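One structure is given below, encoded as structure tokens.
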Amino acid sequence: MGFVPLFDVDHEKNIPTFFSVVLLLIAALLLAVITRLKQNQSAPHASKWAILTAGFMLMAFDEAFQAHENLVAPVKALLGNGNLGIFYFAWVIPGIAVVVTLGIFFLRFLLYLPASTRIRFIVAGLLYVGGAIGFELIGGRYAELHSELTLTYNMIATVEESLEMTGVIVFIWALLMYIADDYKEVTFQFYGENRNAMKDTP
């Protein structure tokens, strides 16, 4: 009756996809709040928080539309379309390059963070990358040998997506703890057309 595709974590545009997109958007929102607070304080590395915000917005877009899947065919063509083993899902090759590059780029920022926040960020990153790339490598090897239409492959894909979701959830928790430790309280103010009049009111 359509329930399996609706809840299959390896399918697109269904409930797990929506859940993952919402998680990534929540993380992006929290990063945007921190970015604004850092900019108001002229704090060091405010630009890094802004880059993270944009990055999680892009990740949410990719999760919703699976844009990275478009890299599979061209990368396979570059590699000769042969037996690729763990690189069967060939997008992981540029994906690994991006992860390494970002790791180097954010290293000083990571070291600048409080130790507790740094550890939480690292745990969240290991969980997410371990699922998104680590288990994608394992799943790619298995899919090349046995196809994707097996129970074992579905189990690998389930672990992969579960690790990704867990990684983002841990990251959200880490951001909330960082805001609580550094700012204690965050107040939002919304102004309409009468903003100037409100400012003049004693």
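The values are calculated or read from the model by the stated rules, or taken from the named source; none is laboratory data. All values derive from a computational prediction rather than experimental measurement. Backbone-built Cβ (ideal geometry, glycine too); neighbour counts: all protein chains shown.
List of remarks:
- Hey, residue 34 at pLDDT 95 or above, out of contact with any Cys (no Cβ under 6 Å at 6 or more places or on another chain) and assigned to a helix (DSSP H, G or I) or not: yes
- First in the range 22-41 and closer than 17 Å to residue 182 by Cα, second anywhere and among the polar types (S, T, N, Q) and assigned to a helix (DSSP H, G or I), Cβ under 6 Å, 6 or more apart: 31/53; 32/53; 35/53
- Exactly one residue among 58, 37, 78 is under 19 Å from residue 125 (Cβ atoms), surrounded by fewer than 17 Cβ atoms within 10 Å (Cβ to Cβ) and aliphatic (A, V, I, L, M), and that residue is 58.
- Restricting attention to the range 81-123 and to residues that are outside any helix (DSSP H, G or I) and not hydrophobic (A, V, I, L, M, F, W, C), the residue that is surrounded by the most Cβ atoms within 10 Å (Cβ to Cβ) turns out to be 88.
- Cβ-Cβ distances below 7 Å connect no pair with a first residue in the range 58-73 that is on the phi > 0 side of the Ramachandran plot, a second residue that is hydrophobic (A, V, I, L, M, F, W, C) and part of a loop (DSSP other than H, G, I, E, B), and a separation of six or more residues or different chains.
- Tabulated pairs, the range 2-18, first touching a residue at least 60 places away in the same chain (Cβ under 8 Å), second exposed (fewer than 13 other Cβ atoms within 10 Å of the Cβ) and part of a helix (DSSP H, G or I), C-beta under 8 angstrom, 6+ apart or interchain: 16/7
- Scanning the range 8-23 for residues that are among the β-branched types (Val, Ile, Thr) and under 14 Å from the mean Cα position of the chain (by Cα) yields 17, 21, 22.
- Qualifying positions in the range 164-185 - charged (D, E, K, R) and either assigned to a helix (DSSP H, G or I) or touching a Pro at 6+ places or on another chain (Cβ under 9 Å) (or both): 164, 181, 182
- Counted residues, the range 135-177 - those being within 30 Å of residue 30 (Cα to Cα), surrounded by 17 or more Cβ atoms within 10 Å (Cβ to Cβ) and among the small types (Gly, Ala, Ser): 3
- Any pair with Cβ under 9 angstrom, 6 or more apart, that starts in the range 138-166 at a residue that is over 21 Å from residue 93 (Cα atoms) and ends at one that is surrounded by 17 or more Cβ atoms within 10 Å (Cβ to Cβ) and among the aromatic types (Phe, Trp, Tyr): 146/153; 150/142; 152/142; 165/128; 166/128
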